[in-house]
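Reviewing the structure listed below.
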Amino acid sequence: MGASTPPTYEEGDPRLSTVPGSGVAAWIRVADAPAHVSQTVELRGWVVHRRSSGKVQFLVIRDGSGVMQCVAGVQDLPAAAWEECARLTQESAVIVQGVLRADARAPGGVEMGLRGLEVVSVAEPYPISPKEHGTDFLMDHRHLWLRSSRQQAILRIRAEVIAAFRDFMDGEGFLLVDSPIFTPSACEGTSTLFETQYFDQKAYLTQSGQLYQEAAALAFGRTYCFGPTFRAEKSKTRRHLIEFWMMEPEWAFATLDDVIALEERLLVYTVGRILDRRAAELGTVERDTTRLERVQPPFPRIHYNQAVERIHQAGLPFEWGNDLGGTDETALSEQFETPVFVTHYPAAVKAFYMEPDPADARLCLACDCLAPEGHGEIIGGGQRMASLELLNRRIDEHGLPHEAFEWYKDLRRYGSVPHAGFGIGVERTLAWIAGLEHVRETIPFPRMLYRLRP
């Protein structure tokens with residue numbers, strides 16, 4: 001039977017023989033059940049677990065929108081259906097029909113009095129049991145682990161984060177303009193590029209859509225892209241993925257201060273929306289929401305020089321001029337209850353296109369946003385270089401091929417203006433909001449240093 005084709009039960013069908021009025025019931029989702037109490041409905045899903053007390057069988061069914069308990073007495077089902085129900089295993093696929101009734105003790109406050117049952121498939125013994133499993137085992141079975149209530153809660157929060165990002169940017173007047181995945185050149189440095197063959201020439205998987213967004217912003221004023229990005233970083237930390245998703249806005253005529261204020265508004269909006277719309281999921285992952293409720297503006301801003309002082313005060317060795325590492329970011333972010341902006345990094349540790357700090361030529365107008373509770377950097381951005389002369393010099397200093405950036409330099413030749421933007425990572429942001437220890441749980445199928453499957 002096709003997944004989208006409802007069964008056509010006729011009058012007198014034994015599977016519906018005790019349903020008042022017989023006929024075909026409406027197919028609904030568990031999430032919509034409260035609106036159908038006292039009605040005969042159909043659910044399609046999978047068995048979470050089954051138990052029996054002799055003359056009564058209890059099935060808990062999930063359909064992706066929620067779970068529902070279905071109860072059948074021995075007289076409620078024909079003998080054949082009763083026996084089929086008794087042989088159901090975890091993750092067996094079923095179509096059930098029955099009358100919904102309110103029950104405060106049931107998940108979602110509604111349960112079904114089972115009157116019809118069709119077994120679509122009986123599952124083999126399920127490899128993920130209630131006992132403790134190691135991380136490697138669960139990651140090897142990620143395609144099945146996604147069915148667990150915790151993983152589903154995380155991915156629902158993820159979907160809400162993404163929707164919040166896009167709704168916010170649309171509301172701020174930014175236009176979605178897609179950036180390509182195949183690129184002819186580097187954006188964040190050549191050491192972390194994935195090279196591939198593009199017919200008779202080399203191409204790379206994108207590290208960022210930013211350069212193309214700069215072109216789009218000079219056409220539309222305010223734009224953003226959203227999509228996957230790739231970094232061939234040989235990092236095995238709780239914050240690193242090889243493939244991750246970013247939203248990247250670019251804003252013509254904007255300055256560093258403009259984009260910092262935009263980032264702050266974005267985070268306040270996103271956290272507030274998750275608290276409002278995904279409270280149940282936050283409860284499933286046992287997130288302390290009082291910490292999220294403190295995410296209110298204004299966020300603290302500290303200069304790179306101040307950050308170095310705070311790192312030293314935390315007892316960590318750190319040399320001025322270095323980029324902040326994960327341990328440094330953790331030490332800083334633990335000192336604040338809200339996200340914190342670190343600004344004016346040394347130019348040597350940032351990308352070639354960053355605008356120099358007019359007050360100190362060693363620095364640039366860059367900013368990272370660190371999430372609290374030790375989660376570290378979730379946003380990186382700043383003001384982009386507007387001068388063609390300076391851009392040429394930086395390309396030379398970084399040893400990059402000029403021919404690959406001729407199109408990018410055109411943006412400085414034809415109507416160059418100050419402009420700024422940032423990139424915000426979905427996975428790190430989600431890890432912070434949901435209170436997750438490792439980013440591997442923040443994406444359906446994570447790609448990490450030693451993991452390409454499933």
| request: Starting from the residue with the highest accessible area, list Asp357, Asp396 in decreasing order, probe 1.4 Å. | output: Asp396, Asp357
| remark: Given a Förster distance of 41 Å, the FRET efficiency implied by the Cβ-Cβ spacing of Asp178 and Ala361, rounded to the nearest 0.05, works out to 0.70
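Of the peptides 224-234, 207-217, 118-128, how do they stack up when ordered by the mean number of other Cβ atoms within 10 Å, highest first?
So the order, starting with the most tightly packed, is 207-217, 224-234, 118-128.
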| message | Charges on Cβ only, +1 for Lys and Arg, -1 for Asp and Glu, centred on the Cα centroid of the stretch 217-356; of Leu218, Thr229, Phe253, which one is farthest towards the dipole's positive end? | response | Thr229
| message | Give me Rg/Rg_expected for the chain, where Rg uses Cα atoms only and Rg_expected = 2.2 N^0.38 Å with N residues. | response | 1.21
| Neighbour cut-off at most 13 other Cβ (10 Å), DSSP loop, chymotrypsin sites (Phe, Trp or Tyr not before Pro), the stretch 248-352 | Phe253, Trp320
| note | Ignoring ligands and nucleic acids, Val67 exposes an accessible area, probe 1.4 Å, in Å² to the nearest 10, of 60 Å²
| field | Within the stretch 56-129, percent of DSSP bridges classed antiparallel, to nearest 5 | value | 85 percent
| query | What distance in nm separates the simple spin-label points at Gln201 and Ala159, each placed 7 Å from Cα in the Cβ direction? | reply | 4.0 nm
| remark: Using the Kirkwood radius over Cα pairs of the stretch 20-75, the Stokes-Einstein translational diffusion coefficient at 25 °C and 0.890 mPa s, in µm²/s and rounded to a whole number, is 199 µm²/s
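As an exercise, use a Förster radius of 22 Å and the Cβ-Cβ distance of Lys55 and Val122 to find the FRET efficiency, rounded to the nearest 0.05.
The value I calculate is 0.45.
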| query | the stretch 212-262 to the stretch 393-426: how many Å between their Cα centroids? | reply | 14 Å
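Sort Leu114, Leu144 by accessible area with a 1.4 Å probe, largest first.
Largest accessible area first, the list is Leu144, Leu114.
Give me Rg over Rh for the stretch 381-444, both radii from the alpha carbons and Rh done the Kirkwood way, two decimal places.
1.22
Heavy-atom accessible area per residue, the stretch 174-245, 1.4 Å probe: how many Å²?
I get 51 Å² per residue for the stretch 174-245.
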| remark: quick note, the chain, DSSP beta bridge pairs, % antiparallel (nearest 5) is 90 percent
| task | Could you tell me what percent of the accessible area of the stretch 398-454 is made up of carbon and sulfur, with a 1.4 Å probe and every protein chain present? | result | 55 percent
| Debye, to nearest 20: dipole size of the stretch 206-281, +1 on Lys, Arg Cβ, -1 on Asp, Glu Cβ | 440 debye
| query | Where the convex hull is taken over the Cα atoms of the stretch 241-345, what is its projected area averaged over directions, in nm²? | reply | 8.8 nm²
| So what is the calculated 222 nm ellipticity per residue for the chain, using -39500 (n - 2.57) for each DSSP H run with n of 4 or more, over all residues, to the nearest 500 deg cm²/dmol? | -8500 deg cm²/dmol
| In the chain, what is the count of Lys pairs whose alpha carbons are under 28 Å apart, counting only pairs at least 8 residues apart or on separate chains? | 8
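Take every DSSP beta bridge with both residues inside the stretch 173-250 and express the antiparallel ones as a percent of the total, to the nearest 5.
90 percent
Percent of accessible area on the stretch 137-244 owned by carbon and sulfur, 1.4 Å probe?
About 53 percent, which is the carbon plus sulfur part of the accessible surface.
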| Where the centroid of each part is defined by its Cα atoms, how far is the stretch 365-389 from the stretch 273-311 in Å? | 18 Å
| message | I'd like the FRET efficiency for Arg451 and Asp410, computed as 1/(1 + (r/R0)^6) with the beta carbon distance as r and R0 of 41 Å, rounded to 0.05. | response | 0.55
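Keeping all protein chains in place, calculate the accessible area per residue for the stretch 58-171 (probe 1.4 angstrom), answer in Å². Numbers along the way, then the final one.
Working: 4970 Å² over 114 residues.
Heavy-atom SASA per residue in the stretch 58-171 reads 44 Å².
Quantify, in whole percent, the carbon and sulfur part of the accessible surface of the stretch 260-370 (1.4 Å probe; protein heavy atoms only).
Numbers: 2320 of 4990 Å².
Exposed carbon and sulfur together represent 47 percent of the surface.
The values are calculated or read from the model by the stated rules, or taken from the named source; none is laboratory data. Computed from a predicted model, the values in this text were never measured in an experiment. All Cβ positions, even for glycine, are placed from backbone atoms using ideal geometry, and neighbour counts span all protein chains on display. Keep in mind that these areas ignore ligands, DNA and RNA; they rest on the heavy atoms of the full protein, side chains included. Shrake-Rupley method; radii C 1.70, N 1.55, O 1.52, S 1.80 Å.
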